[in-house]
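Please read the structure below before turning to the comments.
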């Protein structure tokens with residue numbers, strides 16, 4: 001039977017004791033709520049990858065621009081539909097309806113959430129209909145101008161707030 005040397009077991013025992021005590025000491029932190037379950041978002045190639053990429057680069061370049069109700073220029077800030085309009089007009093010279101509700105009623109093809117492609121529009125509703133719009137980036141993420149006091153940012157469709165308000169999507173690039 002092998003005999004353990006105390007010179008090797010003492011440091012190991014001390015390390016175990018320190019780790020055990022470290023876990024017991026200090027103030028307890030409240031448990032963080034679990035992150036929302038995120039699904040695997042399929043990669044769907046856009047009909048025109050070059051134009052979709054140009055839209056995404058422009059939209060992502062505006063992240064951090066302040067929110068401003070009625071805003072439609074980077075110098076002044078954006079609201080959600082102002083951001084969408086600016087990006088599509090600036091990159092593709094495409095004139096889209098100005099409000100989120102009008103964009104949702106625009107005659108572009110509706111897209112199921114599992115078929116979203118880069119540069120599709122994603123819509124959200126609260127109460128009496130569509131009141132918010134963003135540009136789909138990929139992997140369940142979208143760029144939008146969320147609210148007063150905020151700035152253009154990227155969020156995830158699987159976030160509890162956005163998932164509960166998701167109202168559909170439309171394809172702009174065909």
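Along Cα→Cβ, 7 Å out, is where each label goes; now give me the distance between the ones at residue 47 and residue 112 in nm to one decimal.
1.9
Give me the percent relative contact order of segment 49-170, please, defined on Cα pairs under 8 angstrom at least 6 residues apart.
This gives 28 percent for segment 49-170.
Subtract the Cα-Cα distance of residue 148 and residue 166 from 0.36 nm times their separation in residues, and report this length gain in nm to one decimal.
4.5 nm
In the P(r) worked out for segment 127-171, what percent of Cα pairs fall beyond 11 Å?
69
Output needed: percent of Cα pairs per 5 Å distance bin for segment 49-170, bins running from 0 to the one holding the longest distance.
Reading upward from the zero bin: 2, 13, 24, 28, 22, 9, 2, 0.
Using only alpha carbon pairs under 8 Å that are at least six residues apart, calculate the relative contact order of segment 101-174 and give it in whole percent.
39
Evaluate E = 1/(1 + (r/R0)^6) for residue 126 and residue 39, where r is the Cβ-Cβ distance and R0 equals 22 Å; express this FRET efficiency to the nearest 0.05.
With a Förster radius of 22 Å, E is 0.45.
Throughout, read-outs are computed from the coordinates displayed, never taken from laboratory work. A quick note: this is a predicted structure, and the numbers were derived from the prediction, not measured. Neighbour counts run over all protein chains shown; Cβ positions are idealised from the backbone, glycine included.
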